[in-house]
Amino acid sequence: MSELSLHPDRLFPSSTEQRGAARAIFAEIERLPIVSPHGHLDPGLFVSNEPFSDPAHLLVTSDHYVVRLLHAQGVPMPELGLGALASGRRADGREIWRQLCSHWGALAGTPSRLWLEHELYELCELRTTPSPETADESYDAIKARLQEDDLRPRALYERFGLDVLTTTDPATDDLALHEALGNDPTWKGRLLPNFRPDEVVDPAHPSFAANLGRLGEVSGIDTSTYTGFISALESRREFFRGRGATAADHGVPVTTTERLEPAEAGEVYARLRRGEGSPADIEAFRGHMLDEMARMAADDGMVMQLHVGVVRDYDPAYAATYGSDIGQDFPYAIEFTRTLRPLLSRYGNAEGFRLVLYTVDETTFSREIGPLVSYFPSLFAGPPWWFLDAPDAMARAFVALGETAGIAKLTGFVDDTRSLFGIGARHDVARRVCAGYLAKLVSEHRLSLEEATRLAVGYAYQRPKELFKV
Amino acid sequence: MSELSLHPDRLFPSSTEQRGAARAIFAEIERLPIVSPHGHLDPGLFVSNEPFSDPAHLLVTSDHYVVRLLHAQGVPMPELGLGALASGRRADGREIWRQLCSHWGALAGTPSRLWLEHELYELCELRTTPSPETADESYDAIKARLQEDDLRPRALYERFGLDVLTTTDPATDDLALHEALGNDPTWKGRLLPNFRPDEVVDPAHPSFAANLGRLGEVSGIDTSTYTGFISALESRREFFRGRGATAADHGVPVTTTERLEPAEAGEVYARLRRGEGSPADIEAFRGHMLDEMARMAADDGMVMQLHVGVVRDYDPAYAATYGSDIGQDFPYAIEFTRTLRPLLSRYGNAEGFRLVLYTVDETTFSREIGPLVSYFPSLFAGPPWWFLDAPDAMARAFVALGETAGIAKLTGFVDDTRSLFGIGARHDVARRVCAGYLAKLVSEHRLSLEEATRLAVGYAYQRPKELFKV
Amino acid sequence: MSELSLHPDRLFPSSTEQRGAARAIFAEIERLPIVSPHGHLDPGLFVSNEPFSDPAHLLVTSDHYVVRLLHAQGVPMPELGLGALASGRRADGREIWRQLCSHWGALAGTPSRLWLEHELYELCELRTTPSPETADESYDAIKARLQEDDLRPRALYERFGLDVLTTTDPATDDLALHEALGNDPTWKGRLLPNFRPDEVVDPAHPSFAANLGRLGEVSGIDTSTYTGFISALESRREFFRGRGATAADHGVPVTTTERLEPAEAGEVYARLRRGEGSPADIEAFRGHMLDEMARMAADDGMVMQLHVGVVRDYDPAYAATYGSDIGQDFPYAIEFTRTLRPLLSRYGNAEGFRLVLYTVDETTFSREIGPLVSYFPSLFAGPPWWFLDAPDAMARAFVALGETAGIAKLTGFVDDTRSLFGIGARHDVARRVCAGYLAKLVSEHRLSLEEATRLAVGYAYQRPKELFKV
């Protein structure tokens, strides 16, 4: 049995001067409130405020990073709680937990390991490294611990020092849970919706036409014409803003942003709505709608976010059997400079417009995103996303973006998480990496410790709060 | 008010052994003469030798790196001295200077900040960090300082220890200023022209046909036929060589280098000259002319340089209002291996041919440029260009190129600057980064300190001097 | 004359804590047996067990890395032993050796320099750094040393602690040398063949049709039909397995893996066999055959390896004059995510399937290979290949892949070498870099020293042995 602990210097650079500066900087940001302007939590968590019931579901089955890494070790999906075992029954929590404990070593070096260690130590109060020998013991201990009130969702919100949390919601969502929470006098936090219209804007969505119908219903605006469709989208954005939304989010396969002439947009829309659109129509409409989304953002002041370049549900058979978000989503090379040119020529200098770029193709940081955000006042670089939300990848992004654009053009950390339980760990890692990055600049006499600390505070708290208008 | 200073160890790695080795290496290269084989200075500076008049124009308005970073902070172009304010008048220097002082923090971490600190401390003798509170005071102090004789252009040439400076000149330029300088017995320096024929070689240039006419005039050779056009180019290269030029430079969007058959080249040229070329003609002619430029370089011994992969004047409306070189030029992904194959198969092993590659797509360093220069005797890797002319990007390029090709296949530092005032700062940064890179190899027992120092001297002085034949 | 030595801390990070941890980790892996599951040695070396005769042929002419670097310095191929000198005679070993000694400094910073230093010091017992002044002396000394029995091939096998060696063999090879070695009772080692069917699978191979004929002969199966062709391939795989092969290897220009319908496959095959295939046929057949190779691998359990993205024999004239493998092979950008989707959707989760990806485009490590191997149980990341088989590139790959996929999804080091003489040096460098990478994680409290050491042992020995089934 080996001891589980969290070293106070973890993730800091190890040379004396850098570590000293990192400690000094981190001390000033460690306890700052957490701003979480983009993520994927279920608002129902805070409405019901029920305790988390099962360690395995909480820390394995519902975390597609962990599912991915254990699946890569040869553990079948059903043994991770996804789908039925050969016997027809579902794996129980204890069995799933044993899988994590048996493959603990395979997570070495990954951010999931760092996050899990943090959660197990800080929240679950575990003091022994997971191992097959202690799996049942730790399972029971965590299961019991999860029942305590200080681990309920609202208590975690307080514990993490959250200033604001944000969900991601379809354009047709009624936001009833957000409303319920807003009307609950016992809820002291802030949980804002975020407008994500992909399924009514991407004509390749499998139920695009049906989604347009639903958009018409919830907005009360006839979406059978292109003009109505646009009005309905504007109306939904207004509805979201009325519920506190300050931002929209768009997941797109490419970033082409060529605008169609109005008449052409109408014709393409009509064809796509009838399911008669060509591949060229799909591509053209996607490019046009990105421009439209930017136009609306420039008008209504909602911050526009782009998440680009991931093949989702890679193996269709697995997706059909086990669902989405099981770890089989993979990045590819993406371009920004030439594709965003039409959009940025229209809105890049427009007052009130704000666009945040997220990518999993890190080659774009020094080549495209850094240069672009270093010029356009409207443009900001989101933190390294998804697979890149890891200490060394974050450090590379700090270096590439900071040097090209200045640290003030980075949004600050955005956890983008599906795990409320992990929010504290994720921000802890991000703040440590930020401190380490700035400490290196201090140790090389590129920045004073005072200025580095100011920049860290801006990154950790002030900028995301101001930039996302939360 | 905080003190402005330049730490003697700035930019050196901070661990003890590396810093020690970096100091030792830097001591041997710090005072070497500066060779500047490619840049964008105005030769008139040295002809008139007038003092710089205004701090804001010198350090802000005319520096597109600084304009870019301040514009990204939301400062409108007219407040940086570009175009007229809403009132119709131009911002005066003091107002522009206040913008820089107010956004000083936003430059933290960028190379522009390092260069400015160096220029303000070493040349302007400022001892206080720029801030809004001290903006007027520093403006007045610098303005007065600029009038002193030791900051006039020729004095700066001496002060920086310049061995040679190089301008970049259109193929049709009469080089009158270079000639005037050559005939001035009081001018002790060397200022060489550099042949840049883009506007008569790229058929997409807006005034291509007119430029061909002008080429005919200055060369005295009829350019209405392809044969005449080629002769005129050869004649202009000869003219440039007669004025001291040792190199040519080509800014191209892609590096395709397929040669056309003579008859086809003539037909394509004729169509393009009449403005009747198709997009395919443009592409084919570009590829052909790169090959032709290489052929001439192999014949006449001028060093060929390629600068590739930047969208210039990104937002056409801004370019129309504020001009070029205001910071809105952005890189994209580029390829060398397959596109240069025809050219390198013809001239890559040719005696007398020399080709230098510059890129803003750093993924090509380990994948394409490093491998290619590690084989072809004619080929050299230029230093990381433009956005990559920054300490960490330079360090990455040293590692990627040095490991693949050996340090001797790097050209040495090329400042490529539009700022005479900044040349000392730029070479200081580059030499420090070079020393730091080699110091790491020494500290890891990959090189002896003696060999590392020899390599540093080669990089800082000997190789650019020999390679560019200056 | 300067002393040649190998510092015991070479390649370790230089800061105190990291160096200490690196020493501790390296001490546990330095002497582990070497597993070499993929390489390009000539089996005849071990059959004849003749001593190496000439230092220049051994360390220069036959090493395309060294040839490449010296050629880049302007040394003509004939002076490196390739092709005839102008006089018509061949350069002799002493002359070639002088070229290496004269350009020793140009290799500084490259892995070839590290490998050569290791070989010269450890095997040749040289104690003076190569230089023009000592060239003849060192040539004579090494030439004499090479005659000693402890440098014969079989003695080197023992000396390096080799556990197993692997060759790369065409599908039509009779493996007679492997058989001879297997029947030799005095041979104590293990030398396994590796199935490499490129020349019968890639329809762009210059003698594709003839190769199919030869495939028919050696397999005794009529390859005039597609069905026969597939059977013949299966039969050859079985033959190879009978001689100990556990893996197949495929060198492909792209990774498209679309499967053709059986009838279509037959028609395309027929056209290609008759030399009447279109470019589209070539592309389609390549994609189809990658899928077929995966299908066979899933069936017969041979590990599938992909080496992707290199232009071979870049300048056709040089290839015609001097042959292949003279250093003129260059990488380009490659894609895995979208192209491998069909193949991985079929076999990625199939029991018994195992696929190793090698690339010279390091941008794919964090963007594609890391994410893919972090999900698919069948998929592993090969070590950085070829130009990336260098200390800093390896370190970058460790960071990018380890963080995304966990270190357990890296195959371990694969030397892929043509140089028996250099195997010890290559594994020494790789193990040092591995120790240094893990030492950094230890120094930053991301891993305990115990866990890091376990991971190092897995990387250096256990995993390649298990994964490649050797």
Where labels lie 7 Å past Cα in the beta-carbon direction, separation of C:SER131 and B:ASP9 in nm: 3.3
Crossing angle, helix C:262-273 versus chain C [Cα axis fit, 0-90 degrees, rounded to tens]: 60
Nm distances between copies for C:ARG90, ranked from closest, using label points 7 Å along Cα→Cβ: 7.4, 7.4
Coil-residue trypsin sites (Lys or Arg not before Pro) of region A:46-95, DSSP, other Cβ within 10 Å capped at 16: A:ARG89, A:ARG90
GluC sites (Glu not before Pro) lying in DSSP loop within region C:272-319, provided at most 11 other Cβ fall within 10 Å: C:GLU276
Amide hydrogen neighbours beyond the local backbone of B:LEU162, cut-off 5 Å, H modeled: B:ILE34
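Using the beta-carbon distance between C:GLU158 and C:SER207 and R0 = 56 Å, what value does 1/(1 + (r/R0)^6) give for FRET efficiency, to the nearest 0.05? Intermediate results must be reported in sequence, preceding the final value.
Numbers: r = 39 Å, r/R0 = 0.70.
The calculated FRET efficiency here is 0.90.
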Centre separation in Å (Cα based) which lies between region B:184-212 and region A:349-394: 37
Candidate lysines - alpha carbon under 25 Å from B:LYS469, same-chain residues fewer than 8 apart omitted: B:LYS188, B:LYS409
Separation in nanometres of the label points that stand 7 Å from Cα toward Cβ, at B:ALA180 and B:GLU276: 4.4
Nitroxide proxy distance, nm - points 7 Å out along Cα→Cβ at C:ALA86 and C:SER48: 3.4
Among A:LEU151, A:THR255, A:ALA333 - extreme Cα towards positive end, dipole of the protein assembly as shown, charges at beta-carbon: A:LEU151
Label point 7 Å beyond Cα along the C-beta direction, distances from A:MET1 to other copies (nm, shortest first): 6.4, 6.4
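Quick one: dipole size for region B:51-151, taken about the Cα centre, charges +1 on Lys/Arg Cβ and -1 on Asp/Glu Cβ, in debye to the nearest 20. Mind showing how you got there, number by number?
Details: 9 positive and 16 negative charges, 99 e Å.
Dipole magnitude for region B:51-151 comes out near 480 debye.
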Debye, to nearest 20: dipole size of region C:110-160, +1 on Lys, Arg Cβ, -1 on Asp, Glu Cβ: 200
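Taking loop as defined by DSSP and a crowding limit of 13 other beta carbons within 10 Å, which GluC sites (Glu not before Pro) in region A:88-180 fit? Could you put the intermediate results ahead of the total?
Details: sites: A:GLU95, A:GLU117, A:GLU119, A:GLU122, A:GLU125, A:GLU133, A:GLU137, A:GLU148, A:GLU158, A:GLU179; in loops: A:GLU125, A:GLU148.
Filter output for region A:88-180: A:GLU125, A:GLU148.
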Rounded to 5, percent antiparallel among DSSP beta bridges of the protein assembly as shown: 10
Scattering curve values for chain A, log₁₀ I(q)/I(0), Debye with Cα scatterers, q = 0.11 Å⁻¹: -0.96
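Using a 10 Å cut-off around each Cβ, can you sort B:MET302, C:MET1, A:MET77 from fewest to most neighbouring Cβ atoms? Show your work: numbers first, answer last.
On the way: B:MET302 26, C:MET1 10, A:MET77 22.
Going from least to most buried by this count: C:MET1, A:MET77, B:MET302.
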Interchain or long-range residues, amide H under 5 Å from A:THR359's placed H: A:TRP385
Number of partner chain Cβ atoms within 10 Å, mean per residue of C:69-75: 5
A:GLN73-A:GLU238 FRET efficiency (beta carbon distance; Förster radius 41 Å; 0.05 resolution): 0.30
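For the protein assembly as shown, what does the alpha-carbon gyration tensor say about shape, rounded, prolate or oblate, given a ≥ b ≥ c as the root eigenvalues, a/c under 1.5 as rounded, and a/b over b/c as prolate? Numbers along the way, then the final one.
Numbers: a/c = 1.32, a/b = 1.00, b/c = 1.32.
Rounded, since a/c falls under 1.5.
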Whole-Hz ³J(HN,Hα) from phi, Karplus 6.51 cos²θ - 1.76 cosθ + 1.60, for region A:121-126, glycine and proline x: 6, 6, 9, 7, 6, 6
For region C:155-167, 3J(HN,Hα) per residue [Karplus equation, 6.51 cos²θ - 1.76 cosθ + 1.60, θ = phi - 60°, Hz, x = Gly/Pro]: 5, 5, 3, 5, 4, 6, x, 5, 8, 6, 10, 9, 9
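Sorting A:LYS188, A:LYS409, A:LYS465 on the 10 Å Cβ count, fewest up front, what's the list?
On the way: A:LYS188 9, A:LYS409 26, A:LYS465 16.
Ordered from fewest to most neighbouring Cβ atoms within 10 Å, A:LYS188, A:LYS409, A:LYS465 come out as A:LYS188, A:LYS465, A:LYS409.
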Degrees separating the helix B:423-443 axis from the principal Cα axis of chain B, which is the longest one: 90
Selection from B:PHE421, C:ALA204, A:LEU6 lying farthest towards where the dipole of the protein assembly as shown points positive, charges on Cβ: A:LEU6
Residue-by-residue Karplus 3J(HN,Hα) for region C:386-392, coefficients 6.51, -1.76, 1.60, Hz, glycine and proline x: 6, 4, 8, 7, 8, x, 6
Among B:SER87, B:ALA280, B:LEU290 the positive-end extreme of the charge dipole of chain B (Cβ point charges): B:LEU290
Cα centroid separation - region A:32-68 against region B:1-59, whole Å: 52
Estimated 222 nm signal from helices in the protein assembly as shown, with DSSP H stretches of n ≥ 4 weighted -39500 (n - 2.57), rounded to 500: -13000 deg cm²/dmol
Residues with amide H under 5 Å from that of A:VAL303, placed H, sequence gap 5 or more: A:ALA247, A:ALA248
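Throughout, read-outs are computed from the coordinates displayed, never taken from laboratory work. This one's a predicted model, so the numbers in the text were calculated from it and none came from an experiment. Ideal geometry is used to build each Cβ from the backbone, glycine not excepted, and the neighbour counts take in all protein chains shown.
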